Amino acid sequence: MPKKVTVILDACFSGGGRNQGLLAAKGVKVKPKENLVKGSLVVFAASSSDQESLFYEEEQHGLFTYYLLKKLKETKGEASYKEMYDYLKIKVPSTATDKYYKEQNPNMNVSSDVESEWKVWKFK
């Protein structure tokens, strides 16, 4: 079993997506199940519940991805998972509201197996 597994998702579950593609046309929405992570898994997700994951046009990235990469660059990968999540929880919703007048709240799901240790893990 791996020591740690990290999943980073810049996608939404609303079915709308960034360009209102095929799923939106069909009116399909996906409701993610909560608390299914097991083992040494930590999941960073760009948005919560049925929110859209916004595209940051000026930066040519998803809004979540832009701030994730910015923090990784600034810290040279030395940011802890907790520092990263705390940063994303402030920057992403603030920009989403200020620029796009929409809500986007990053989410994190952590396996109970690593509940006491994930916060100090580093990306590097």
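So here's what we get for this one:
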{"read-out": "Some residue of region 94-106 being at pLDDT 95 or above, touching a helix residue (DSSP H, G or I) at 6+ places or on another chain (Cβ under 9 Å), within 24 Å of LYS122 (Cα to Cα) and not in a helix (DSSP H, G or I)", "value": "yes"}
{"read-out": "Region 94-114 residues that are within 14 Å of GLY62 (Cβ to Cβ), paired with ones that are among the acidic types (Asp, Glu) (beta carbon under 7 Å, 6 or more apart)", "value": "ALA96/GLU103; LYS102/GLU52; GLN104/GLU52"}
{"read-out": "Residue check, TYR81 among the hydroxyl-bearing types (Ser, Thr, Tyr), modelled with pLDDT of 95 or more and within 23 Å of PRO2 (Cα to Cα)", "value": "yes"}
{"read-out": "Subset of region 66-94 (residues that are buried (at least 18 other Cβ atoms within 10 Å of the Cβ) and among the β-branched types (Val, Ile, Thr))", "value": "VAL92"}
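Every residue, every condition in (1) of a type in the set (Ser, Thr, Tyr); (2) within 15 Å of ALA11 (Cα to Cα), yes or no:
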| position | (1), (2) |
| --- | --- |
| PHE55 | no, yes |
| GLY62 | no, yes |
| THR95 | yes, no |
| ASN107 | no, yes |
| VAL114 | no, no |
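The values are calculated or read from the model by the stated rules, or taken from the named source; none is laboratory data. Note that this is a predicted model, so its numbers are computed, not measured. We place every Cβ from the backbone using ideal geometry, glycine too, and count neighbours over all the protein chains shown.
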